[in-house]
Amino acid sequence: MRQRYFLAAASALLVSGCLVKGRAGTTSSNRSAPPPASSEPPPPAMAEQPPPAPPPAQPAVVAPPPEEHKNHGQARKEEVHERNEARKDAKEAEKDAKKAEKAADKAEKKADKAEAKADKAEAKADKAEAKADKAEAKADKAEAKADKAEAKADKAEKKADKAEGGKSEKAKGKK
């Protein structure tokens, strides 16, 4: 715990020293005169900071750059061009995906519309078939009624013939 506290305090002092030292070298509009110089000479900076670490070891095999350019501008130009091409291709792919999705939605709506139309036609056909069945039943009923009326007429005709035949026999018997 003490080590952490000491480390935090030391780093805070180090950072604040850097900030104060950084401000002292610049002129600001708020100050009219530079800060007063202290009578003590500043401590050497090398004594406080450890020497920089050696650069990390690079791998033995380093791939050479694909193309050597005479200046950085050419390489930058190609990088920007490649990024722009990639962005353009991605945008086109997104546009094509949206277009395909829209076409799929349109086809689905068309299929739904055709299905609804088929359902409507089927309902209409069912209704027409029911109407035809009803008309056929009515025709059968009318035919049965006509047959019944014909039978009744035949019966009445036989009765009339019988009645007429009976009168003529009675008339013969009286003579």
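What follows draws every value from the coordinates through simple rules; no lab data is involved. Bear in mind that the values here come from a model prediction, so they are computed numbers and not experimental data. Cβ sites come from the backbone with ideal geometry, for glycine too, and all protein chains shown count toward neighbours.
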> Can you give the convex hull volume of the alpha carbon atoms of region 118-158 per residue, in Å³?
Replying inline: 24 Å³
>> Please give me the summed charge of the neighbours of Lys113: other residues whose Cβ is under 13 Å from its Cβ, Lys and Arg +1, Asp and Glu -1.
In response: 0
> Karplus couplings for region 116-125 from phi (6.51 cos²θ - 1.76 cosθ + 1.60, θ = phi - 60°), rounded to Hz, Gly and Pro as x?
Replying inline: 5, 5, 5, 4, 5, 5, 5, 5, 5, 5
> Quick one: if you stick a label point 7 Å off each Cα along the C-beta vector at Ser11 and Asp105, how many nm between them?
Replying inline: 5.3 nm
> For labels at Asp119 and Lys77 in the simple 7 Å Cα→Cβ model, what's the distance in nm?
Replying inline: 6.4 nm
> HN-Hα J couplings of region 81-95 from phi, Karplus 6.51/-1.76/1.60, θ = phi - 60°, integer Hz, Gly and Pro as x?
Replying inline: 4, 4, 4, 5, 5, 5, 4, 5, 5, 5, 5, 5, 5, 5, 5
